[in-house]
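The values are calculated or read from the model by the stated rules, or taken from the named source; none is laboratory data. Remember, predicted model here, so these are calculated numbers, not experimental data. Cβ sites come from the backbone with ideal geometry, for glycine too, and all protein chains shown count toward neighbours.
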Amino acid sequence: MKSLFKRLKSQKGMSGVLVALLLVIVGVGLVAGVNTYMKGASNNIQKAASTAVDAAITNTK
């Protein structure tokens with residue numbers, strides 16, 4: 001956070017501050033989107049694995 005505040009303070013004029021804040025917002029949104037996608041993909045893989053294991057157990061009986 002200290003480096004972010006230093007960068008914001010070092011920007012000249014209001015447009016530099018707005019660009020820096022926009023970059024931060026885009027970065028946070030990107031991280032949140034990737035995190036959501038990875039959780040969904042993980043859940044899908046776990047469901048598929050569970051289904052495959054259940055099918056394998058049922059077929060061996």
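List of remarks:
- None of Gly27, Gly40 is free of Cβ contacts under 8 Å to residues at least 60 places away in the same chain and more than 17 Å from Met1 (Cα to Cα) except Gly40.
- Against the conditions (1) at pLDDT below 95; (2) surrounded by 10 or more Cβ atoms within 10 Å (Cβ to Cβ), Phe5 satisfies every one except (2).
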